[in-house]
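Input: a single structure, listed below in structure tokens.
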């Protein structure tokens, strides 16, 4: 009985809403045939003859002259880095069959790589070159101090590290255009 006033109030609100509804609905007639609605109240006579606005053009204007002369999103970059990859003598013969070599250039110790080169079925010693053409993002310049690492990956998946993979790091960061860089794969995961 305590809920009676709340129920009565809800009923009164529902009745008021129904009474205010002016949808002019007629009772259901099963014999009624569907017909087009009368649109004369919405569109006045002669509206279909009125001139229409031209459709907008989907063509883009040509780029400014400064942009036409440069490749899109290409950043200024230095020359490729060249060097040699070697296997440490104690790891020779432990190269996993079907392994893929990933040569990775980074501008910092952490974060995404600046450039990556994937080399299938490498034979050591291996001369390498990594440069602007190997960048992950064309808008990031191949410039500054670059740290090079290499990993011989057994499953060919750059994101996984499996036991038996071999890796090595260049002794120190190098600048684009450097040559004679040596990386020794001397660590077995």
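Where a number appears in this text, it was derived from the coordinates with a stated rule and is not lab data. The structure displayed is predicted, hence computed values, not measured ones. All Cβ positions, even for glycine, are placed from backbone atoms using ideal geometry, and neighbour counts span all protein chains on display.
Rg then Dmax, both in Å and based on the Cα atoms of the stretch 81-188: 13.2, 41. With the simple model of a label 7 Å out from the Cα in the direction of the Cβ, residue 169 to residue 11 spans 8.0 nm. Between residue 118 and residue 31, the distance separating the two model label sites (each 7 Å from Cα on the Cα→Cβ line) works out to 7.4 nm. Extension gain, residue 186 to residue 145: 0.36 nm times the residue separation minus the Cα-Cα distance gives 12.5 nm.
Of the residues 92, 129, the one with the fewest other Cβ atoms within 10 Å heads the list, and the complete ranking is 92, 129. Mean separation of Cα pairs under 8 Å and 6 or more residues apart, divided by the residue count, gives the stretch 81-188 a relative contact order of 36 percent.
Scaled against the 2.2 N^0.38 Å expected of a compact globular protein of N residues, the Cα radius of gyration of the stretch 128-189 reads 1.25. Most tightly packed first, judged by the mean number of other beta-carbon atoms within 10 Å of their residues, the peptides 82-90, 174-182 read 82-90, 174-182. Descending by average beta-carbon neighbour count within 10 Å, the peptides 157-163, 134-140 line up as 134-140, 157-163, the highest first. Rounded to the nearest 0.05, the FRET efficiency derived from the C-beta distance between residue 97 and residue 136 at R0 = 25 Å is 0.30.
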